[in-house]
Amino acid sequence: MRRPLVAGNWKMNGSRSQATALIDGILQGISEENSIEVVICPPFVLIPLAAECLAVGNGLILGAQNLSSQSAGAYTGEVSATMLTDYGCKYAIVGHSERRALYGENDAVVAQKFGVAIENNLTPILCVGETLAQREADETEKTVNDQLDAVLQQHGIEAMVKTVVAYEPVWAIGTGRTATPQQAQAVHHFIRNKLAVGDKNVAANIRLLYGGSVKASNAADLFNESDIDGGLIGGASLDANEFIEICRAAVH
Ligand code: 13P
């Protein structure tokens, strides 16, 4: 039985006061007994503040949006895995399409970051997904397959035991254009089947999230699909009520 997971990716949004209000709002709507896992991924500089807000123990889990591919040393501007775990981060988003497209993170870098996360006990939320051009050229499965292979070839199927994969079609991110539940399910099913070739148990237990314009109004239909185990939420995670509704939609 896979435990549903909903993660909020705040991206580059929020001030100290907005973050405090948002976390307070979310905490009012979720409780520790929740049968799902709820993760927030604030920008790096807000992680200490978020860690303080969550210190009392309340069922919200902290994650990061990115991490360095290096462990420590002369890497100006980078943030290491151990700095994140020091603040209690349990998850790290790896290979988000914005990092791939805007910051030149290729498959090799993504695989390196994935490895550093695993080594440091941070669960990677590995993002994969096709662009609109790739979908229209009927290359969705090939794209997702290659992105997964880049990590599997380096780290093996065993590393997937402690991994979450997020399918985020690039054309659905921040566009208001969500994949239909059927479109999302088809790709999730493809991912699970691919992983099953390596290890059936790993494939059966890994959580696969959908991301891309998830809102309170469409979350339940997406999360009802058999291979969709929750969501990676961008814009809608900045509104406490909307995010809480999305979390509730993941409870089965
Ligand atoms: P939106 O929910 O804003 O489309 O963003 C999705 C996303 O990129 C989450 O990582």
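Tabulated data for the structure shown
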{"read-out": "Selected residue (criterion: nearest to the ligand (Cβ to nearest atom)) from residues of region 121-151 that are among the acidic types (Asp, Glu) and assigned to a loop (DSSP other than H, G, I, E, B)", "value": "GLU130"}
{"read-out": "Looking only at region 66-101, and only at residues there that are of a type in the set (Phe, Trp, Tyr) and surrounded by fewer than 19 Cβ atoms within 10 Å (Cβ to Cβ), the one that is farthest from the ligand (Cβ to nearest atom)", "value": "TYR75"}
{"read-out": "Positions within region 26-36 being more than 25 Å from PRO124 (Cβ to Cβ) and outside any loop (DSSP other than H, G, I, E, B), in sequence order", "value": "LEU27, GLN28, GLY29"}
{"read-out": "Residue selected from region 1-25 under the condition within 16 Å of the ligand (Cβ to nearest atom) and not in a strand (DSSP E or B), by the criterion surrounded by the most Cβ atoms within 10 Å (Cβ to Cβ)", "value": "LEU22"}
{"read-out": "Listing of helices (runs of 4 or more DSSP H) fully contained in region 168-240 that carry 2 or more residues being more than 9 Å from the ligand (Cβ to nearest atom) and at positive phi", "value": "none"}
{"read-out": "Matching entry among VAL6, VAL39 (being closer than 28 Å to GLY77 by Cα, within 19 Å of the chain's Cα centre (by Cα) and in contact (Cβ under 8 Å) with a residue 24 or more places away in the chain)", "value": "VAL39"}
{"read-out": "Complete set of residues in region 241-252 that are of a type in the set (A, V, I, L, M), out of contact with any Phe, Trp or Tyr (no Cβ under 6 Å at 6 or more places or on another chain) and either without any contact (Cβ under 8 Å) to a residue 60 or more places away in the chain or in a helix (DSSP H, G or I) (or both)", "value": "ILE244, ILE246"}
{"read-out": "Within region 120-169, considering residues that are over 22 Å from ASN9 (Cβ atoms) and β-branched (Val, Ile, Thr), the one surrounded by the fewest Cβ atoms within 10 Å (Cβ to Cβ)", "value": "VAL161"}
{"read-out": "Residue under evaluation ASP107, criteria (1) in contact (Cβ under 8 Å) with a residue 24 or more places away in the chain; (2) within 16 Å of the ligand (Cβ to nearest atom); (3) surrounded by 15 or more Cβ atoms within 10 Å (Cβ to Cβ), criterion not met", "value": "(2)"}
{"read-out": "Selected residue [over 21 Å from ALA117 (Cβ atoms) and either buried (at least 18 other Cβ atoms within 10 Å of the Cβ) or in contact (Cβ under 8 Å) with a residue 24 or more places away in the chain (or both)] from ALA203, ALA196, ALA236", "value": "ALA236"}
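Quick note: the coordinates plus some simple rules give every number you see, no bench work behind them. Since we're looking at a predicted model, the values are computed, not measured. Note that we place each Cβ from the backbone using ideal geometry, even for glycine, and neighbour counts take in every protein chain shown.
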